[in-house]
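Here is the structure we will look at.
The values are calculated or read from the model by the stated rules, or taken from the named source; none is laboratory data. Note that the structure is predicted; figures quoted are calculated from it, not measured. Cβ coordinates were reconstructed from backbone atoms using ideal geometry, including for glycine residues, and neighbour counts include every protein chain displayed. Accessible surface is based on the protein model in full, side chains and every heavy atom, while ligands, DNA and RNA are left aside. Shrake-Rupley method; radii C 1.70, N 1.55, O 1.52, S 1.80 Å.
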Amino acid sequence: MALNETQKTAIANLRTEMLKLDPDTYQRIREDFYRIADNLKPLADALEKADADLGGNAGPLLDEHYIFAQMYDLFRKSNLGGVV
């Protein structure tokens, strides 16, 4: 999906601020971003599958799945991925 001008501006502004950081801080943010990016969706999926594997009515594992699925949706709205 192509970025609109507002998104491009937001990413440019974020990049400008990130470049002001010392290299260690920038790297720590970058690594943490990718650690979350790599694991948030699989966690949500694992919780959903675990709930289904238990059978019966939807339980607390499915409640947790919904929380992490919402977090994933919000995470995808972040501009940080366009910077790091």
Taking the stretch 9-52 as the search range and keeping residues that are farther than 16 Å from residue 80 by Cβ and aliphatic (A, V, I, L, M), which one is least open to solvent (accessible area, probe 1.4 Å)? 44
Just checking, does the stretch 53-61 include any residue being surrounded by fewer than 13 Cβ atoms within 10 Å (Cβ to Cβ), under 22 Å from residue 84 (Cβ atoms) and of a type outside the set (A, V, I, L, M, F, W, C)? no
